[in-house]
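Here's the structure we're looking at; comments come further down.
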Amino acid sequence: MKKVARILLVVAFGGLVLFASACPERRSIADIEHNPGRYADRDVTVIGVVKDSYGVSLPGSPVRGGIYKVDDGTGSIWVVTQDSVPAKGAEIGVSGTVGSGVSWGGRNYGLGILEKDRRFRKK
């Protein structure tokens with residue numbers, strides 16, 4: 001019986017380690033801007049307020065997407081999304097891949113994040 005309990009404990013611990021390693025790290029925008037090479041092509045999470053947003057969304061069609069700027073108090077970064085853009089002033093958390101040369105609508109925005117997941121702050 002003790003052997004089964006040890007095996008279950010090891011399997012549970014291994015699963016926890018795998019789960020924790022798959023979550024992107026929360027970083028400040030200043031950290032990403034000061035060392036962009038370290039975060040290039042890596043998943044990160046930033047939390048802040050939407051300061052600017054530009055997007056396209058045609059109701060009743062799959063056409064949507066855009067770009068928006070998130071400010072966390074240490075800096076700001078552009079986020080490219082394939083979904084609808086959040087409104088200015090929204091408090092959000094964004095997870096995605098960091099990249100340079102982020103472009104949308106024919107304009108280059110420099111360092112940015114390609115959005116994979118977005119969460120809004122509950123009020």
Averaged across orientations, what area in nm² does the convex hull of the alpha carbons in segment 25-120 project? 5.8 nm²
Residue by residue, what Karplus-based ³J(HN,Hα) values in Hz, rounded to whole numbers, does segment 85-99 have, using 6.51, -1.76 and 1.60 with θ = phi - 60° and x for Gly and Pro? 8, x, 6, 4, x, 5, 8, 9, x, 10, 10, x, 9, 7, x
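Expressed in nm to one decimal, what extension gain is obtained for the pair Arg64 and Asp83 from 0.36 nm per residue of sequence separation less their Cα-Cα distance? Please list the in-between numbers first.
Numbers: separation 19, 0.36 × 19 = 6.84 nm, distance 0.57 nm.
Taking 0.36 nm per residue and subtracting the Cα distance, the gain is 6.3 nm.
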Amide H neighbours of Arg42 under 5 Å, at least 5 residues apart or on other chains, H built in the peptide plane: list them. Val98
Would you pull out the residues with amide H under 5 Å of Arg26's amide H, same chain only if 5 or more places away, H placed 1.01 Å from N? Thr45
Percentage relative contact order, segment 62-123, counting C-alpha pairs under 8 Å, at least six apart: 32 percent
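None of the figures in this text is laboratory data; all of them are computed from the coordinates on show. The structure presented is a predicted model; accordingly, all values stated were derived computationally and were not measured.
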